[in-house]
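Accompanying notes for the structure given below.
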Amino acid sequence: MVNKRLVDYIQEQIQRGFDVNTIKNYLLRYGYSPADVDEAIKYIYSPEVRHIIHFSPATLIGIAAIFIVMIISVFVGVKYLPSKTPETLLDLNLESVKTAVAAGNEIAFISELDNLGAAKRYDVSLRYEVINLKTNDVITFKEETRAIETKGSKQVTIEIPPGTEAGNYVLRAIAAYDGQRAVATLPVKIGAGGAVANETEEEKPPIEEKPPEEITPTQPGENTAGTSAITTFETLEKVEQIAKQNRQEAERLCNQLELQTSRDLCFNKIAEVLGDRNYCSKVVDERTKDVCLSNVAKIVGKSEICEDISKDSRKDSCYMNFVIDNKDYTVCDKVTNQYLRQSCESLKQLSKLNITDVAFYEALVNQSLIQLT
């Protein structure tokens, strides 16, 4: 039977912009079985959807006419309009080969690039950084340029400088291409002396605890300064509990997180709890900020907040949430994607026919949103 808590956790991380492989690697690293993780991921991407529609004969005729118009429009759009797929779009993933070593030795990992864009070939500049989680300093890095056509993977090694302090680090890979960036991370553990810092069973978090969302948790017995002993997940959980009663304390906890990605997620959480879009402005990462604004817009029921979203596809998704969830067709003119705007207008026409169950067409629109975002 699928683990519902795992499903909720993975869905939450996907909504925050983390790719499935990164989430899966963290879950496996902290004790969850591959079978449970794969079952949860399969459940998320293969939901059972049932729609029961009860229409009168006259209504069915009206729906058939509109549906035919939609099919013709889509056919014309696909055949004669330019593709909406961007020229360059990249997915970056990292897979551990050996990321627990002693100072002076090499870590090894697989760097995988997946071309999701329309361009057949383009160059990607890659930078790999090993970051100290205590100080947020880059202790070593490596750079390379690769040409990507469809999909390619490569094993990469980086030497950890001799004398590096033992402890928890993170490997961050940054792929730069055509003015865009893709980022992926892996946890790294550096051991003291000549011993390889392999984790023992006692060092693993217990199975009943959720793993952190981004950084390796501090192991029991390690001395760290300030709040480094508290994981990102624990901070988000505490912020969610206290934000309404003490927003100043919630802000303080967010500001104490060491990585910018963690702070972004934290301020996003405050914005959702309080329904306050101002906290989204504290988020640095563009995608996380857009998700923050979209979530706040949905929570407070104000479609005008969608206008502040930077990327058109995410802005359209925000507006279409109001169409599907609130039957608010006043936003149709604000949707930039031609197909989605046409779908919005079709749903608007169906509503004028006093059709109360348009689940079939809403499901089509939802599928379009999944493909575009």
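A few points about this structure:
- Non-local Lys pairs in the range 87-198, i.e. 8 or more apart or on different chains, that have alpha carbons under 30 Å apart: 16
- Using a cut-off of 21 Å between Cα atoms, the listed pairs K311/K334; K298/K334; K282/K327 include K282/K327 as exceeding that distance.
- Per-residue HN-Hα couplings for the range 233-245 [Karplus 6.51, -1.76, 1.60; θ = phi - 60°; Hz; x = Gly/Pro]: 4, 4, 5, 4, 5, 5, 4, 4, 6, 9, 4, 5, 8
- Normalised by residue count, the range 87-198 yields a Cα convex hull volume of 81 Å³ per residue.
- In terms of its C-alpha gyration tensor, the range 235-296 comes out oblate, because a/c is 1.5 or above while a/b does not outweigh b/c.
- Whole-Å distance, taken between Cα centres, linking the range 1-46 and the range 236-305: 23
- The overall shape of the range 271-321 is oblate: from the C-alpha gyration tensor, with semi-axes ordered a ≥ b ≥ c, the ratio a/c is 1.5 or greater and a/b is no larger than b/c.
- Only Cα pairs under 8 Å and 6+ residues apart enter the sum, and on that basis the relative contact order of the range 87-198 stands at 34 percent.
Every number in this text was worked out from the coordinates using simple rules, so none of it is lab data. A quick note: this is a predicted structure, and the numbers were derived from the prediction, not measured.
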